[in-house]
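In what follows, a single structure is set out as structure tokens and then discussed.
The values are calculated or read from the model by the stated rules, or taken from the named source; none is laboratory data. What you see is a predicted model, and the numbers here were worked out from it, not measured in a lab. Here Cβ is always computed from backbone atoms with ideal geometry, including for glycine, and neighbour counts include all displayed protein chains.
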Amino acid sequence: MTTKHNTIYPGVRFREHLSRKYNGSADRYFFIRYRLNGKLKEEGLGWASEGWNAKKASNSRWGSILRFIFFTHMVISTMRCNFTQGNLDE
């Protein structure tokens, strides 16, 4: 079993492949971690040999968080608008 290592970017981790090499060192698989509704989520993104790095993973993590915030805000705004207009059946 390989261990997961933290990067300098918050919420970004990686693990190294035991035999696969990329640019002279072990190939790395990047993960992002974040909390969603109080639960810790971890998503795998891809290998360094496929173009992933810690900075790209961090940008992807913030994109995921911002999409969730935007979606949640849109749903709440729509519900609030329907409530004030009396359109609760929609």
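One residue is enough: does the range 14-21 have a residue meeting the conditions surrounded by 10 or more Cβ atoms within 10 Å (Cβ to Cβ), out of contact with any Ser or Thr (no Cβ under 8 Å at 6 or more places or on another chain) and not in a helix (DSSP H, G or I)? Looking through the range 14-21, at least one residue is surrounded by 10 or more Cβ atoms within 10 Å (Cβ to Cβ), out of contact with any Ser or Thr (no Cβ under 8 Å at 6 or more places or on another chain) and not in a helix (DSSP H, G or I).
Select from the range 22-53 the residues that are of a type in the set (Lys, Arg) and buried (at least 16 other Cβ atoms within 10 Å of the Cβ) and list them in ascending order. If the condition is that a residue be of a type in the set (Lys, Arg) and buried (at least 16 other Cβ atoms within 10 Å of the Cβ), then Arg28 is the only one that fits. For the range 26-47, which residues satisfy the criterion of being farther than 19 Å from Gly63 by Cβ, assigned to a strand (DSSP E or B) and either of a type in the set (Lys, Arg) or modelled with pLDDT under 90 (or both)? Within the range 26-47, Arg28, Lys39 qualify. For the range 41-63, a tally of residues being closer than 14 Å to Pro10 by Cα, more than 8 Å from the chain's Cα centre (by Cα) and among the aliphatic types (A, V, I, L, M) returns 1.
Among the residues examined, Gly51 qualifies as modelled with pLDDT of 85 or more and on the phi > 0 side of the Ramachandran plot.
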